[in-house]
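This report refers to the structure that appears directly beneath it.
The values are calculated or read from the model by the stated rules, or taken from the named source; none is laboratory data. The shown structure was predicted, so the numbers you read here are calculated from the model rather than taken from an experiment. With ideal geometry, Cβ positions are generated from the backbone for all residues, glycine too; neighbour counts draw on all protein chains shown.
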Amino acid sequence: MSCTAQAADAMPSLKVDPGLLPPSQRPAKQADAKQSDAKQGAAKPAATGKTAEHAPDQNQGPAAAQSAPQTAETFPVAAPGETPAAAPAAAPAAVAAPQPARTAPAAAAPAAAAPVRVPDESRAGRTPIADSMTARNMPPLKVDRSLVRNPPSRAAGAAVAAQGGPASVDEPPAYRNVTTARNMPPLKVDRALLGTPPVARRRSPSELPAGAAVTQLAGNAPAADTGALPPAVPEDDESRMLRGAITLSEYVEKHPESRATLIAADQLDGTTDEIMRAVGAAELRRPGTSLTADAITYAPPTDELQADGNVRLVRGEDVVEGPSLRYRLERGEGVFEKPRYTIRRNLQTGENLRTTTGRGEAEQMEFLSDSRVRMDKATYSTCSPDSPDWYAQVDTLNLDFDSEVGEGRNGKIVFKGVPVLYSPWLDFSLNNRRKSGFLTPTFGVTNRTGIDFLMPYYWNIAPNMDATVALRFLGTRGLMLSNEFRYLQEDYAGKLRLDYLPNDSIANRNRYAFSFQHEHQLNERLSGTLNINSVSDRDYYTDLGSRLAITSLSYLPREGTLSYNGDWWRVNAKATEYQALANRPEIYRQMPSVTFNALKSDLPGGLVFSTMANYTDFAIDDVRRDQGRRAVLYPQLSLPMRNPYFFVTPKFGVHLTNYQIDRGTNNAGQPTSLSRSIPIFSLDAGTVFERDSDLFGQGYIQTFEPRMYYVLSSYKNQNRFPVFDSALADFNFAQIFSENVYVGQDRIADSNQVTAAAISRFIDPQTGAERARLALGQRFYFADQNVVLPGGTPRTGNIASTLAAVSGELMDKTWIDAAVQYNTDLSQTERYSITARWNPREAQVFNTSYRFRREGVTTAEVRDLDLSAQWPLTNRWYALARHNYSIADRRLVEGLAGFEYNGGCWVGRFVFQRIATNVQRTRTALFFQLELNDFSRIGSNPLDALKRSIPGYGQINQSTADPIFGGDY
């Protein structure tokens, strides 16, 4: 290398920081320098410039001088590490180079302001370089030690002394071809001279043996410098890493934001700006990417690398291993031969987000970018590498991590070495979110349909809109087309579904099911809903449904509502009709029904006003039954009185009703216009006591909450009034604190009664959760009952049945829920139920329940025994069972039996279910499902049946998201 500089006239003497000179040439005092100048008789030119206070930026060239260049002289100088040849007689004295060690700031050097000349008595008659090379306003030179390679050895220093130079071993070699100049252009620096990119050493200097050399890139090994001065300024982490004081991993951990390319290896060679080779435990790091291999060859100009032997590439949480990799770092492109990969992704399961890990192999993996990968002859599985019980295999697999989707061609799923499913193409989501494509088919067997096979296609139309189309093959009935469309907007949402079975082979007719639900918020106060359901015949769900919740439906609603909310009132208008199923009787249509409710609680004196008004038009397609219009108005005025000790609320209202009736043939001749007005008074009072208590050795806060409720309403003969929507209310703790023993508005009971009840709760003082509850209630009558429903018997006793209930976790992992209704007049139990659950841990539960109801005038006897369990047989096998038996009818209501097996990365389920759809008919279904964790489900899904049939059922694996479609069969 050579560089030139031109000398200029009238340039002042160069001001040299004495701290830059070798120790042998440093002036002890400024007076010694003046005395040396006097002895040589050399004239000092006057200095015209001032020394700069700060060193120039390493990345900038020297400032250009003001005057034009005149002459230039070139002098051969020994290269670093070489012995200089004999200088010509006219050669000037060599300029002393700075030490490789870091220099102290110029302000700390002694006599820094005085110019210093280097004497050379062997070159008498020539102007010393120190006198001729002067500059205006040049700052003290600061030299980066990393730019100075190979400090001179003692032999080199002796050779220089023999030619007239100083004989000190501390003197650095002179520079070759040094030229002085004025108006020099900005310095063009060879990038190779700036040092290597950050390179971490395998061992720090403290770990090296005494006198050993620290290896640098490109073979420039500096000799051990045991006499170097300690750095005068603190070193940064990059300098420490270059010296080997910290490792590459330590540097990355401390500086995760660094964008540098970091290289480490047992052996490094090459040229920084051309090509570098790292051999032996080689490691390369860049933010977001880590690469290790036996050998790495890296070309900085193209940002390409070749890695060979035990290659491991880590990008984010994804890991790829294999024998060979060609890769372009910045663009994330490359080819991996015979890779083994691990991919970690977040799956959305309902509202939960969790991480799944997929593994596989391929013949070749091509990185198309940082977010796109293509693989040939690839496999994928969520199983551990040592036991891949299942895997998906495809000829080609494309993964796009930006859109989080995957596409495969000629795919098959292999389970225990046996192919169980084939598809010419696969289209799936990498994060379990919505994506267009075929969903996993389901299949099963029932006694009503034979083989039941469903192949759904999911269409992700827009972020707020999707559709699912499915072909469902029913072995004994034909081919059904199913479609479901969903939409969601900020102020409205809905779902539309249609199932159509042309020409049912058994029923010999077309069959369909239609469902439409829509909710719309028209503005802040006005909203509306639609809920329309229809089937082709009464037995549709009995024949074609697979879930008890579907097969046991009695009525399908068809309803539209419109609601308006005022500040203290609300109006609701609706039209409702029902389609009866499974031989159920027809019920009235309400076309329309308008309800007005109001509550005003800020009246003077603490009074509260409330009212309810309703108008309904009842219609039915049965000429034997009454039809008509009913108007109801019930204004009420109450005075709530509350304090920390108790509450009392008296209330008074008048129930007004008017009927306009179209009599049916059963009631011909009855009045067509009826009215009634019934005043009603009630008084509600209660209080709450608390104390510290123990329950099974644990401390709780126990409450005691007594309450009394009195109702008085006058009698009105209502035998001629029709019954459109009324029935006797159930006798329980919710109903005994109500004014009317009937639901609906067609019967208003005459009442003169008081209800007394007390509730005691056990509350955890730490969490506020209710651990257990005890309740006891009794109703006392002061007059006989007169108002009854048609066919009903008036009550004559003074004391109603007594209610008692207990519920909660009364023992560890054991929950009890029991209730009893006892008739004190007849000294007999009217009904009772008891349910117990033992759930010692997840997926281990046993339930038992017994329900009894005595036969009445309008009610049938009920005696049901219900047993259900999910119990582990081994670490992997689980038994499932339910036995719901009607003792009164001597028949099985529902039976279920099956097994589950947890294979770690897969779950198998085999379930047999039998359901009584009515007195004469039953439905039998066989479920078999293979669930591949976080990938897919194959077979029919029994999870809905298991969760409903076995209270406390726990899934033995973390399942994928619920099926988008097909859950209603």
Residue check for Thr342: of a type in the set (S, T, N, Q) and under 24 Å from Glu404 (Cβ atoms):
yes
Matching residues in segment 484-506 - criterion: being out of contact with any Ser or Thr (no Cβ under 6 Å at 6 or more places or on another chain), crowded, with 16+ Cβ neighbours inside 10 Å and of a type outside the set (Lys, Arg):
Phe485, Tyr487, Gly494, Leu496, Leu501, Asp504
Is it fair to say Gly280 is over 36 Å from the mean Cα position of the chain (by Cα), at pLDDT 85 or above, more than 17 Å from Arg326 (Cβ to Cβ) and not in a helix (DSSP H, G or I)?
yes
Which ones in segment 714-729 are part of a strand (DSSP E or B) and small (Gly, Ala, Ser)?
Ala727
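Matching residues to (1) over 27 Å from Arg663 (Cα atoms); (2) buried (at least 17 other Cβ atoms within 10 Å of the Cβ):
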| site | (1), (2) |
| --- | --- |
| Tyr588 | no, yes |
| Pro592 | no, no |
| Lys600 | yes, no |
| Ser610 | yes, yes |
| Asp622 | no, no |
| Pro635 | yes, no |
Of all the residues that make up segment 361-398, how many are touching a residue at least 40 places away in the same chain (Cβ under 8 Å) and over 22 Å from Gly908 (Cα atoms)?
3
Does Leu313 fit the bill of being surrounded by 17 or more Cβ atoms within 10 Å (Cβ to Cβ) and modelled with pLDDT under 85?
no
Answer yes or no: is there a residue in segment 571-583 that is among the aromatic types (Phe, Trp, Tyr) and over 30 Å from Thr922 (Cβ atoms).
no
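Residues are listed down the side, and each one gets a yes or a no for (1) among the charged types (D, E, K, R); (2) part of a strand (DSSP E or B); (3) touching a strand residue (DSSP E or B) at 6+ places or on another chain (Cβ under 7 Å):
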position	(1), (2), (3)
Asp452	yes, yes, yes
Trp459	no, yes, yes
Asp466	yes, yes, yes
Leu481	no, yes, yes
Glu490	yes, no, no
Lys495	yes, yes, yes
Asp504	yes, no, yes
Arg509	yes, no, no
With the checklist (1) surrounded by 14 or more Cβ atoms within 10 Å (Cβ to Cβ); (2) free of Cβ contacts under 8 Å to residues at least 60 places away in the same chain; (3) over 30 Å from Asp817 (Cβ atoms) in hand, flag the one item Arg779 doesn't pass.
(3)
Could we say that Leu426 is modelled with pLDDT under 85, in contact with an Asp or Glu (Cβ under 9 Å, 6 or more places away or on another chain) and of a type in the set (A, V, I, L, M) here?
yes
Scanning for something charged (D, E, K, R), closer than 26 Å to Ala631 by Cα and surrounded by 14 or more Cβ atoms within 10 Å (Cβ to Cβ), does segment 724-745 turn up at least one residue?
yes
Examine segment 888-906 for a residue that is touching a residue at least 60 places away in the same chain (Cβ under 8 Å) and small (Gly, Ala, Ser), and state whether such a residue exists.
yes
Selected residue [closer than 21 Å to Ala378 by Cβ and either out of contact with any helix residue (DSSP H, G or I) (no Cβ under 6 Å at 6 or more places or on another chain) or basic (Lys, Arg) (or both)] from Gly309, Gly288, Gly322
Gly322
If you check every pair at least six apart or on different chains, which have Cβ atoms under 9 Å apart with a residue in segment 582-599 that is within 30 Å of Thr917 (Cα to Cα) and touching a residue at least 12 places away in the same chain (Cβ under 8 Å) first and a residue that is among the β-branched types (Val, Ile, Thr) and not in a strand (DSSP E or B) second?
Ala582/Thr542; Ala582/Thr551; Ala582/Thr917; Glu586/Ile620; Ile587/Ile620; Tyr588/Ile620; Arg589/Ile620
In segment 848-863, anything out of contact with any Phe, Trp or Tyr (no Cβ under 7 Å at 6 or more places or on another chain) and either surrounded by 16 or more Cβ atoms within 10 Å (Cβ to Cβ) or part of a strand (DSSP E or B) (or both) is listed as Thr848, Ser849, Tyr850, Arg851, Arg853, Arg854
Would you confirm whether any residue within segment 835-847 is modelled with pLDDT of 85 or more, surrounded by fewer than 14 Cβ atoms within 10 Å (Cβ to Cβ) and β-branched (Val, Ile, Thr)?
no
Enumerate the strands (runs of 3 or more DSSP E) found wholly within segment 557-637, keeping only those where 3 or more residues are touching a helix residue (DSSP H, G or I) at 6+ places or on another chain (Cβ under 9 Å) and within 30 Å of Gly545 (Cβ to Cβ).
none
Considering only segment 372-402, state which residues are small (Gly, Ala, Ser), in contact with a strand residue (DSSP E or B) (Cβ under 9 Å, 6 or more places away or on another chain) and more than 22 Å from Leu325 (Cβ to Cβ).
Ser381, Ser384, Ala392
Residue list for segment 284-310, restricted to those being within 27 Å of Lys254 (Cβ to Cβ), surrounded by fewer than 22 Cβ atoms within 10 Å (Cβ to Cβ) and either assigned by TED's automatic domain parsing to the domain that holds Thr342 or modelled with pLDDT under 90 (or both):
Arg286, Pro287, Gly288, Thr289, Ser290, Pro300, Asp303
Keeping to segment 928-958, report how many residues are part of a strand (DSSP E or B) and modelled with pLDDT of 85 or more.
5
Out of segment 400-424, which residues are more than 19 Å from the chain's Cα centre (by Cα), of a type outside the set (Gly, Ala, Ser) and not in a strand (DSSP E or B)?
Lys416
Residues being buried (at least 20 other Cβ atoms within 10 Å of the Cβ), modelled with pLDDT under 90 and part of a strand (DSSP E or B) - total across segment 895-922:
3
Considering only residues that are touching a Ser or Thr at 6+ places or on another chain (Cβ under 7 Å), farther than 20 Å from Val754 by Cα and surrounded by fewer than 15 Cβ atoms within 10 Å (Cβ to Cβ), which ones fall in segment 677-704?
Phe689, Glu690
Looking at Asp662, Asp692, Asp684, Asp725, can you tell me which residue is within 47 Å of the chain's Cα centre (by Cα) and not aromatic (Phe, Trp, Tyr)?
Asp692
Can you tell me which condition Asn823 does not meet? The list is (1) surrounded by fewer than 16 Cβ atoms within 10 Å (Cβ to Cβ); (2) of a type outside the set (Val, Ile, Thr); (3) at pLDDT below 90, and all the others hold.
(1)
